[in-house]
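Here is the structure we will look at, set down as C-alpha cells.
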Amino acid sequence: MPSSFDDVRFIDAETLRQWLNDGRELALLDVREAGQFGEGHPFFAVPFPFSRLELDAPRLLPRADVRIALCDDGANEDAVARRAAARLQGLGYGDIAILQGGTAAWRQAGYTLFRGVNVPSKTFGELVEHEYGTPHVGAAQLQRWRAERGGCPISLIDSRTRDEHRKMAIPGAVCVPNGELAAHIDAFAGSPDTTIVVHCAGRTRSIIGAQTLRNLGIRRDVFALENGTQGWALAGLALEHGSTRSYADIIPSAASAHDEAKARERAQALARRFGVIALDEANANQWRRDTARTTYLLDVRTPEEYARDGLPFAAHAPGGQLVQATDQSVAVRHARLLLIDYDGIRAPVIAHWLVQLGYEAVTVDVAIVSKWNTHAPAAAALDRTDLLEEAPSANAIVLDLRSSAAHENGRPVGARWTVRPRVFDTLTALHARLDTPLVLFADAASEASARLVAADLREAGFANIELAAFGLDAWEQRGLPVDRDAVKLPQETRIDYLFFVHDRHDGNLDSARAYLAWETGLIAQCEPDELAAFKVGRAAELV
C-alpha cells in the first residue's frame with residue numbers, strides 16, 4: 001500500500017556517482033533494513049532503515065534542505081525508497097532523489113556493493129595501518145612476551161566499549177575505550193618502560209588506538225594486537241568472559257591537575273599538527289547561523305558524562321565509536337563537525353582522526369555552545385495507539401515487531417513476525433481486512449518503531465489496532481498463551497539481521513577468518529574516487 005509523494009526525482013547510478021564526487025553536501029541513505037544493508041551497499045551509503053526513519057531523521061539530518069539520495073534494492077519499482085521519500089517530505093525535507101533501480105542498478109552500472117557495516121571507517125583503519133606503519137604483534141608472540149619478559153611490564157588495553165569487553169576480552173586486558181586513551185593513559189599504563197598493546201575484536205580499533213598513542217608521542221613501545229580477540233581465538237588461546245576491569249577503577253578518582261594539564265597540552269599539540277581549529281565564540285556562532293551548511297554538534301565524552309550534564313541539543317557520540325562507526329552519527333557527506341568534551345583533551349584527539357577521515361572537524365569550548373538558545377532535535381510524533389488492556393479477540397492478528405532473533409526464541413501463540421516495510425505484505429498474505437483487529441506486539445526496544453507501524457496502518461485505513469509493548473514475559477503474566485519453542489524463520493525473511501559472519505564472536509573460527517579476510521580486503525575493493533575522500537597521515541605542516 002504505497003504512500004503518495006510529490007517532487008521526488010529519480011536519478012541513475014552515474015548521476016549519483018557524480019553527486020558523490022561534486023564536493024557538495026549529500027546524504028546517501030540506504031533505507032533497507034540492517035540485514036539487507038550489510039549484505040551489499042554503496043561505499044558511502046549510510047544505514048537509514050525505514051523501520052526507524054522518523055526516529056533517526058532529526059539526529060542524522062539536522063538541516064531540512066540538505067540534498068538527499070535514497071536507495072533500496074530496486075524491488076517493486078523502488079517501493080521502500082518511495083515510501084521513505086514520502087515520510088521525509090512529511091517531516092519537511094525537500095531536496096530528495098531516489099536511485100532508480102536501487103542497489104541492483106548500482107551494481108549493473110559497474111560499481112561495487114560493499115558487504116558489512118561501517119565500511120568507510122573500517123577502510124580508514126586499514127589505510128591508517130598502511131600509511132603510518134602501525135606496529136602490530138600477533139597473539140602467539142604476545143603470549144611469549146608475557147611469559148618470557150620477566151621484569152619488563154606489559155599493559156594490555158581493550159579499546160572497545162565496556163559491554164563488548166564484558167562479553168569477551170584477552171585475559172588481563174583493561175577496558176579503555178579509544179576515546180578515553182588520551183585523557184587517561186599516563187594514570188594507569190605503568191612505568192616509562194611499559195610496553196602497551198591495544199586490542200579490539202578485529203582490527204580497526206586496535207590500529208586506531210595504538211596509533212593514537214603513537215601520534216600523541218607516548219614514549220613507550222606501542223603495538224596493535226593483530227586481529228584482536230578473533231586472532232587470539234584463531235591462535236588457539238582462551239578468551240576471558242565477564243571481565244569488569246576498567247580504567248575508571250584503576251586511575252585515581254581525581255587525576256592531578258598536573259596530569260590533566262600534560263594530557264591537554266599533548267592533545268592540543270596533536271590537533272595543531274593536523275590543522276584542527278578550536279573555534280572562538282564569533283566563528284562558532286557563524287557556523288551555527290550558516291543555514292547553507294549542515295553542522296553536527298557532537299559530545300564525545302563517555303555515556304555517563306553525557307547523561308550527567310550533556311547539552312540536550314548536542315548528540316552523544318563517544319569518541320572511539322565515532323571514529324569506528326562514523327556513519328552511525330554523521331549521515332551528510334561534506335558536513336561540518338563541531339566537537340565538545342569539557343576538558344580540552346578528548347575532542348582534539350578525535351578531531352585529528354576525523355579530518356583524516358575527510359571531515360571538516362573542529363573543537364569548541366562547551367562554555368561557548370552552552371549559551372546557544374537552541375532546542376534539541378524534534379522527536380518523532382509517535383502514534384497514540386492504546387496499549388492492550390485485555391486478551392485480544394479470537395480473530396485478531398498478532399504481529400510481532402520485535403527483532404527476528406527475539407521472535408525465534410519465543411512469541412505469543414499464533415504471532416506472525418514482520419517488520420515495518422513488509423507489514424502490508426504480511427497482512428495481505430493473512431487476508432486481513434480494514435476492520436480486522438490487529439495487535440502489534442513489541443518490547444521496550446521496539447515500541448517506538450511499532451508506533452510508527454501503527455501510524456502507517458491508521459493512514460491506510462485500519463482502525464482496530466492495539467499495542468502490546470511490554471514484552472513476552474509480561475504477555476505470559478497476563479495469562480496470554482506463549483510459545484517458547486525455538487523456531488527458525490527463513491533466512492531470506494530476516495531482513496533485520498545481518499548474517500554476514502554473524503557468529504564470529506561465538507566461537508565460529510571460520511566466520512572469524514572470513515571477517516578478517518573481508519576487513520583486510522576492503523582497500524582493494526575501493527575505486528580511486530572512494531579512497532580520495534581520506535586524508536590519512538596528512539599533518540598540517542606536511543600538506
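The values are calculated or read from the model by the stated rules, or taken from the named source; none is laboratory data. Quick caveat, the model's predicted, so the values are computed rather than measured. Note that each Cβ is placed from the backbone with ideal geometry, even for glycine, and that neighbours are counted across all protein chains shown. The accessibility values were calculated without ligands, DNA or RNA, using every heavy atom of the protein model including side chains. Shrake-Rupley method; radii C 1.70, N 1.55, O 1.52, S 1.80 Å.
Let me know the charge dipole size of the chain about its Cα centre in debye, to the nearest 20, where only the beta-carbon of Lys, Arg (+1) and Asp, Glu (-1) is charged. Walk me through the numbers on the way to the answer.
Numbers: 58 positive and 73 negative charges, 200 e Å.
My answer is approximately 960 debye.
Percent antiparallel among DSSP beta bridges with both residues in the chain, to the nearest 5? Provide the component values of the computation, followed by the final result.
Working: 5 of 54 bridges.
Rounded to the nearest five, the antiparallel share is 10 percent.
Regarding segment 101-192, what's the average projected area of the Cα-atom convex hull, expressed in nm²?
On the way: hull surface 38.2 nm².
Convex hull of Cα atoms, orientation-averaged projection: 9.6 nm².
How big is D, in µm² s⁻¹, for segment 22-169 by Stokes-Einstein at 10 °C and 1.306 mPa s if Rh is the Kirkwood radius over C-alpha pairs?
Value of D from the Cα-based Kirkwood radius: 86 µm²/s.
For segment 194-258, what class follows from the C-alpha gyration tensor (a ≥ b ≥ c being the square roots of its eigenvalues): rounded when a/c is under 1.5, otherwise prolate if a/b is larger than b/c, else oblate? Intermediate results must be reported in sequence, preceding the final value.
Numbers: a/c = 2.67, a/b = 1.39, b/c = 1.92.
Taking the square roots of the gyration eigenvalues as a ≥ b ≥ c, segment 194-258 is oblate.
Restricting things to alpha carbons, find the Rg to Rh ratio for segment 214-331 using the Kirkwood radius for Rh. All intermediate terms of the calculation are to be shown ahead of the outcome.
Details: Rg = 18.8 Å, Rh = 18.4 Å.
Result: Rg/Rh = 1.02.
Where the only charges are on Cβ atoms (+1 Lys, Arg; -1 Asp, Glu), what is the dipole of segment 315-428 about its Cα centre, to the nearest 20 debye?
Values: 10 positive and 12 negative charges, 51 e Å.
Around 240 debye, computed over segment 315-428.
Give the lysines whose C-alpha is closer than 22 Å to that of Lys122, dropping any in the same chain fewer than 8 places away, or say none.
Here the lysines satisfying the reach criterion relative to Lys122 are Lys167, Lys535.
Under a plain spin-label model, where a point goes 7 Å from the Cα along Cα-to-Cβ, how far apart in nm are Ala367 and Glu304?
2.6
Could you give the accessible area per residue of segment 298-375, probe 1.4 Å, as a whole number in Å²? Present the calculation step by step, with values, prior to reporting the outcome.
Values: 2500 Å² over 78 residues.
Each residue of segment 298-375 exposes 32 Å² on average to a 1.4 Å probe.
Would you mind putting 513-526, 409-422 in packing order, based on average other-beta-carbon counts within 10 Å, highest first? List each step's numbers first, then the result.
Details: 513-526: 16.0, 409-422: 19.1.
Packing order, densest peptide first, comes out as 409-422, 513-526.
Which of the peptides 165-173, 493-501 is most tightly packed, and how do the rest follow, going by the mean number of other Cβ atoms within 10 Å of each residue? If you can, show how the numbers build up before the last one.
Values: 165-173: 20.3, 493-501: 18.8.
So the order, starting with the most tightly packed, is 165-173, 493-501.
Long-range amide H contacts for Ala224: which residues qualify at under 5 Å (H placed 1.01 Å from N, peptide plane, sequence gap of 5 or more or a different chain)?
His136, Val137, Val198
For segment 223-279, what does the alpha-carbon gyration tensor say about shape, rounded, prolate or oblate, given a ≥ b ≥ c as the root eigenvalues, a/c under 1.5 as rounded, and a/b over b/c as prolate?
On the way: a/c = 4.00, a/b = 1.66, b/c = 2.41.
Oblate shape, in that a/c is at least 1.5 and b/c is the bigger or equal ratio.
Using the Kirkwood radius over C-alpha pairs as Rh, can you work out the diffusion coefficient of the chain via Stokes-Einstein at 25 °C, viscosity 0.890 mPa s, in µm² per second? Show your work: numbers first, answer last.
Values: Rh = 25.0 Å.
D = 98 µm²/s.
Given the Cα-Cα distance of Ala140 and Thr112 and 0.36 nm per residue of separation, how much length would full extension add, in nm? Could you put the intermediate results ahead of the total?
Working: separation 28, 0.36 × 28 = 10.08 nm, distance 3.60 nm.
Full-extension gain reported as 6.5 nm.
If the chain between Thr426 and His502 were fully stretched, how many nm would it gain, using 0.36 nm times the residue separation less the Cα-Cα distance? Could you put the intermediate results ahead of the total?
Numbers: separation 76, 0.36 × 76 = 27.36 nm, distance 2.62 nm.
Going from the current span to full extension adds 24.7 nm.
So if R0 is 41 Å, what FRET efficiency would His241 and Ala261 give, r being the distance between their Cβ atoms, rounded to the nearest 0.05? Kindly include the intermediate steps, with their values, before the conclusion.
Values: r = 39 Å, r/R0 = 0.94.
Between His241 and Ala261 the formula returns 0.60.
With r as the distance between the Cβ atoms of Ala517 and Ala147 and R0 = 25 Å, compute the FRET efficiency 1/(1 + (r/R0)^6) and round to 0.05.
Working: r = 30 Å, r/R0 = 1.18.
It comes to 0.25.
State the three equivalent ellipsoid semi-axes of segment 402-543, derived from the C-alpha gyration tensor as the square roots of 5 times its eigenvalues, in descending order and whole Å.
Details: eigenvalues 341, 92, 45 Å².
For segment 402-543, the semi-axes come out at 41, 21, 15 Å.
List residues of segment 435-451, by number, whose backbone nitrogen lies under 18 Å from a label position 7 Å along Cα→C-beta of Ser393.
435-441
Within the accessible area of segment 307-441, what % is carbon and sulfur when the probe is 1.4 Å and the other protein chains stay in place? Numbers along the way, then the final one.
Working: 2760 of 5490 Å².
Summing carbon and sulfur atoms, their accessible area is 50 percent of the total for segment 307-441.
How big is the dipole moment of segment 8-151 about its Cα centre under a simple scheme where the beta carbon of each Lys and Arg is +1, that of each Asp and Glu is -1, and everything else is neutral? Debye, nearest 20, please. Write down the numbers at each step before the final one.
On the way: 17 positive and 19 negative charges, 82 e Å.
For this selection, approximately 400 debye.
For segment 164-285, build the convex hull from the C-alpha positions and give me its volume per residue in Å³.
Details: hull volume 16.7 nm³, N = 122.
With only Cα atoms used, segment 164-285 gives 137 Å³ per residue.
What shape does segment 287-332 have by the C-alpha gyration tensor, where a ≥ b ≥ c are the square roots of the eigenvalues, rounded means a/c under 1.5, and otherwise prolate means a/b greater than b/c and oblate the rest?
Details: a/c = 3.26, a/b = 1.33, b/c = 2.44.
Oblate is the answer for segment 287-332, as a/c is 1.5 or above yet b/c matches or exceeds a/b.
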